[in-house]
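Scroll down for the structure; my scribbles are underneath it.
The values are calculated or read from the model by the stated rules, or taken from the named source; none is laboratory data. The structure presented is a predicted model; accordingly, all values stated were derived computationally and were not measured. Here Cβ is always computed from backbone atoms with ideal geometry, including for glycine, and neighbour counts include all displayed protein chains. Remember, those area values only see protein heavy atoms, side chains included, never the ligands or the DNA or RNA. Shrake-Rupley method; radii C 1.70, N 1.55, O 1.52, S 1.80 Å.
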Amino acid sequence: MASPYINAPLTPVRPRMYASALAKVVWTLVPIVTLGLAAAVPFVVAAVKGVVKPWLAGAYVVGEIAVFSVAIAISPDPDDTNPFPGFLMVLLIITAATHTALLDNDRISVGK
């Protein structure tokens, strides 16, 4: 009987976030389509799958809550014309979408 350790890779293979290119596009669109309300969701899913460390998902949850809290505290009135809360939201959306697209990149090791 052959040993399963003979053909095993020397280092364990890191789990993948995306099974296909379509899955990568769909997951990258999550923060954009939800206008940042689900910016942390791809990172929580990646942490559950073992793609990233749980602290990274926690940092995104805390960051998302902080951005929304600051935006609401700055402009609690819907008729306010202050552009800063909108800028914070757009920055959150762009950052989350970019980082979501990079979850399976092997050259990035932060949080993995």
**Asked** Using the heavy atoms of the protein chains alone and a 1.4 angstrom probe, what is the accessible area of the chain per residue in square angstrom?
**Response** 66 Å²
**Message:** Taking R0 as 25 Å, what FRET efficiency do you get between V70 and K112 from their Cβ-Cβ distance, rounded to the nearest 0.05?
**Reply:** 0.30
**Request:** Determine the calculated [θ] at 222 nm for the chain from helices alone, applying -39500 (n - 2.57) to every DSSP H run no shorter than 4 residues and normalising by the residue count; nearest 500 deg cm²/dmol.
**Result:** -18000 deg cm²/dmol
**Prompt:** Which angle from 0 to 90°, rounded to the nearest 10, does the C-alpha axis of helix 54-74 make with the longest principal axis of the chain?
**Reply:** 10 degrees
**Message:** If you average the alpha carbon positions of the stretch 12-40 and of the stretch 67-83, how far apart do those two centres end up, in angstrom?
**Reply:** 28 Å
**Prompt:** Roughly speaking, to the nearest percent, how much of the chain's 1.4 Å accessible area is carbon and sulfur?
**Reply:** 73 percent
